[in-house]
Amino acid sequence: MWQQWVTAVLGLAAIVLPFLALSTMALTWTLIVGGVIIVGLSVWTAMREQSPEYHQETLREIRQS
């Protein structure tokens, strides 16, 4: 759940940063770091959702409700 919020904040940062009059180098590095974080979170989430433990946890939550 929190990964989506982090992605949303990084997306907003990518939209707003060009309007903040940052130098080209600062903007470039900010977007590179943001992109690396987004890719890392995406890969981590994808790997977690494919794990058997994740599916067992999801089934337990469904059975409890």
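What the table shows:
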quantity: Residues of segment 17-26 that turn out to be modelled with pLDDT under 75 and open to solvent by less than 80 Å² (accessible area, probe 1.4 Å), as a count; calculated: 4
quantity: Options Arg60, Arg48; residue that is in a helix (DSSP H, G or I), within 22 Å of the chain's Cα centre (by Cα) and among the basic types (Lys, Arg); calculated: Arg48
quantity: Every residue from segment 32-65 that is open to solvent by 90 Å² or more (accessible area, probe 1.4 Å) and over 26 Å from Gly11 (Cβ atoms); calculated: Glu53, His55, Gln56, Arg60, Glu61, Ile62, Arg63, Gln64, Ser65
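The values are calculated or read from the model by the stated rules, or taken from the named source; none is laboratory data. Owing to the predicted nature of the structure, the values given are computational and were not obtained by experimental measurement. Using ideal geometry, Cβ is built from the backbone for each residue, glycine included, and neighbour counts are taken over all protein chains shown. Each accessible area value is taken on the protein alone, full model and side chains, heavy atoms only, with ligands, DNA and RNA left out. Shrake-Rupley method; radii C 1.70, N 1.55, O 1.52, S 1.80 Å.
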